[in-house]
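The values are calculated or read from the model by the stated rules, or taken from the named source; none is laboratory data. All of these numbers come straight from a predicted model, not from anything done at the bench. So basically every Cβ, Gly included, is an ideal-geometry build from the backbone, and we count neighbours across all protein chains shown. Ligands, DNA and RNA are stripped out before the accessible areas are found, and what is left, the full protein with its side chains, is counted by its heavy atoms. Shrake-Rupley method; radii C 1.70, N 1.55, O 1.52, S 1.80 Å.
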Amino acid sequence: MKFPSEPFKIKVVEPIRRTTREERDRLLREAGYNLFHVPAESVYVDLLTDSGTSAMSDRQWAGLMLGDESYAGSRNYYHLEETVQSIFGYKHVIPTHQGRMAENLLFSTIVKPGMCVPNNIHFDTTRANVEHQRAEALDLAIKEAYDPHCELPFKGNMDLHRLEETIHRVGRENIPLVMITITNNSGGGQPVSMENIRQTRLLLNRYRIPLFFDACRFAENCFFIKEREPAYANTPLLTIARELFSYGDGCTMSAKKDGLVNIGGFLSFNDDRWVQEITNMLILVEGFPTYGGLAGRDLEAMARGLEEALDEEYLRFRIGQVRYMGELLEGGGVPILKPIGGHAIYLNAKAFLPHIPLSQFPGQALAVTLYRDYGIRGVEIGTLMFGKKDPVTSRTIHPELELVRLAIPRRVYTNMQMTYVAESIIELHRRRELIRGLVLTHEAPALRHFTARFREFQESLQLQPITA
Ligand SMILES: *Cc1c(COP(=O)(O)O)cnc(C)c1O
């Protein structure tokens, strides 16, 4: 069936307020045309991120009432430990308040200055946490991962030749671990194949280097394996997940993604040598090892969410909903990144707004117009987020891709709301020449997209409105 109808019915509703175009125009001016500074209550469909924005099930909400808030030995920890072990199969389960803390604990224990950590593509917090140890974070995805027009079923795969070359170049003793991000978030939510994971494992066995997964969207990745790798067409998703993780030595996880919770994460691995040091650090920065910065009820919601994330009906709807919106857009002639990934649609702003030069932030201009005209919030991933200043000429070096990401929260919006988003964008695309660029008026030295301010670009010769 082309239309993935919802495999749930709605028990609780959260009203969303409709705003007028005038109101949104005023809010944008006040926010300096930065969508991070627009109040969420004034957004109709919020596609800023799929992180921590999931709707929990009745079973998860019921689990909150079973929270055991004991300082040590909470029953919810044991439930989480059992659940993680049954899916991921690793011995030690260390809860954290979100994914980046799991990264920090792992890297601060095993990564030393001057070392190198290869990954298919590092997510920003993963990169930052590797670099914080004064080590090199190296992206080694296959070269097709960087081509917006190339359609491959597993565009998130690791480039095994470059990985082996890297091991020879830097020496195996300087690679404390290799990571694989499933799905590859920074590369457009593209999956990694079981075959590629197996081959990576075989290669690393020869050099005795541990393999870890950045497992944030593991369930979505498992669904793509079932759909696209013929040997797995009839394999249950839990079996696929267990095989996948069996090729690794551990994982970091942000449960704000495929854990279907609003806060939570964990670190899990087999090696007994690291437990003591990591646990000591955990107690220093997060809390006792049976709660790790979370309430007992959060641990329960996370355990239940991890089980639900592998439900095939749910995943078919989830992946299908993203694909449905992407196909509507494509059918309407809107340029998007292909193939459609697991958690988001990426609008190609360079192709959408060819009349706006990169110096006037076409991606941001598109995101701003989507909000002003339709109340839809996406996020620019382009010049604003990744543009760099050349240290010599102080000219801006523009990233390869200028995108607007529309991340779809899990189980939150109906297909009708997705249709609204697609139709709005198609309509906007028809009158795209009217969209104006932006002029940057303020920027911070680092992570400028969070605080930048703009004004609208004014043509010196503007047409006067015709008055009869
Ligand atoms: C979100 C994310 C993280 C970081 O998790 P937080 O919970 O936001 O700290 C790490 N890696 C990937 C691939 C992610 O998507």
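The phi-based Karplus calculation (6.51 cos²θ - 1.76 cosθ + 1.60; θ = phi - 60°) puts the 3J(HN,Hα) values of region 263-269 at 8, x, x, 6, 10, 9, 6 Hz, whole numbers, x for Gly and Pro.
Would you mind classifying region 193-260 by shape? Square roots of the alpha carbon gyration tensor eigenvalues, ordered a ≥ b ≥ c; an a/c under 1.5 is rounded, otherwise it is prolate if a/b is larger than b/c and oblate if not. Cα axes put region 193-260 in the oblate bin. For region 58-308, the per residue solvent-accessible surface stands at 39 Å², with DNA, RNA and ligands left out and a 1.4 Å probe.
Quick one: length gained pulling Arg29 to Leu284 fully straight, 0.36 nm per residue minus the C-alpha distance? Before the final figure, lay out each step's value.
Details: separation 255, 0.36 × 255 = 91.80 nm, distance 4.32 nm.
Gain on stretching Arg29 to Leu284: 87.5 nm.
Split the chain at each of the chymotrypsin sites (Phe, Trp or Tyr not before Pro) in a DSSP loop with at most 14 other beta carbon atoms within 10 Å, and the longest piece is 72-468.
Roughly to the nearest percent, how much of the accessible area of the chain is carbon and sulfur, given a 1.4 Å probe?
Working: 11280 of 20670 Å².
Solvent-exposed carbon and sulfur of the chain make up 55 percent of the total.
Tell me whether region 102-209 comes out rounded, prolate or oblate; compute the Cα gyration tensor, take square roots of the eigenvalues as a ≥ b ≥ c, and use a/c under 1.5 as the rounded threshold. Judged from the Cα gyration tensor, region 102-209 comes out oblate (a/c at least 1.5, b/c at or above a/b).
Extending 7 Å from Cα along the Cβ direction at Lys143 and again at Arg228 yields two label points whose distance is 2.0 nm.
Think of the chain as having a plus end and a minus end, set by charges on the Cβ of Lys, Arg, Asp and Glu; of Phe224, Ala145, Leu434, Leu434 sits farthest toward the positive end of this dipole. For Leu267, the amide hydrogen comes within under 5 Å of the amide hydrogens of Ile94, Thr96, counting only partners 5 or more places away or on other chains and with H modelled in the peptide plane. Among Met56, Met281, the sequence by solvent-accessible area, most first, with a 1.4 Å probe is Met281, Met56. Distance distribution P(r), region 168-226, all Cα-Cα pairs, bin width 10 angstrom from 0: 22, 47, 27, 4 percent. Residues whose amide H lies under 5 Å from that of Thr181, counting only those 5 or more places away or on a different chain, are Asn120, Ile121, Asp214; hydrogens are built 1.01 Å from N in the peptide plane. Computed from backbone phi, the HN-Hα couplings of region 117-124 come to 10, x, 8, 4, 9, 5, 6, 4 Hz, rounded to whole numbers (Karplus: 6.51 cos²θ - 1.76 cosθ + 1.60, θ = phi - 60°; Gly and Pro given as x).
Of the DSSP beta bridges with both residues in the chain, give the percent that are antiparallel, rounding to the nearest 5.
Values: 27 of 40 bridges.
Counting DSSP beta bridges with both partners in the chain, the antiparallel share is about 70 percent.
At q = 0.14 Å⁻¹, work out log10 I(q)/I(0) for region 58-308 with the Debye formula, treating every Cα as an identical point scatterer and leaving solvent out; two decimals please. So the normalised log intensities are -0.90.
Find the accessible area per residue for region 310-468; the probe is 1.4 Å, ligands and nucleic acids are left out, and the unit is Å². Kindly include the intermediate steps, with their values, before the conclusion.
Working: 7320 Å² over 159 residues.
Heavy-atom accessible area per residue stands at 46 Å².
Each of Arg431 and Thr419 was given a label point 7 Å from its Cα along the Cα-to-Cβ line. The distance between the two points is 2.3 nm. Is the shape of region 1-40 rounded, prolate or oblate, going by the alpha carbon gyration tensor and its root eigenvalues a ≥ b ≥ c, with a/c under 1.5 for rounded and a/b larger than b/c for prolate? Verdict is prolate for region 1-40. Summary: within the chain, the longest segment free of GluC sites (Glu not before Pro) located in DSSP loops with at most 11 other C-beta atoms within 10 Å is 152-399.
Share of pairwise Cα-Cα distances greater than 27 Å in the chain is 56 percent (whole percent).
Between Leu238 and Asp373, the simple label model (points 7 Å from Cα in the Cβ direction) yields a spacing of 4.8 nm.
Taking 0.36 nm per intervening residue step and subtracting the Cα-Cα distance, what contour gain separates Ala446 from Lys388 on full extension? Let's see the in-between values first.
Numbers: separation 58, 0.36 × 58 = 20.88 nm, distance 1.01 nm.
Gain in length upon complete extension: 19.9 nm.
For region 322-389, the ratio of Cα radius of gyration to the globular rule of thumb 2.2 N^0.38 Å stands at 1.13.
Strictly over 28 Å apart at the Cα level, which of Lys2/Lys226; Lys9/Lys155; Lys2/Lys257; Lys91/Lys143; Lys9/Lys226 would you flag in this model? Each step should come with its number before you reach the end.
Details: Lys2/Lys226 18 Å; Lys9/Lys155 34 Å; Lys2/Lys257 25 Å; Lys91/Lys143 35 Å; Lys9/Lys226 26 Å.
Going by Cα-Cα distance, Lys9/Lys155; Lys91/Lys143 fall outside the 28 Å limit.
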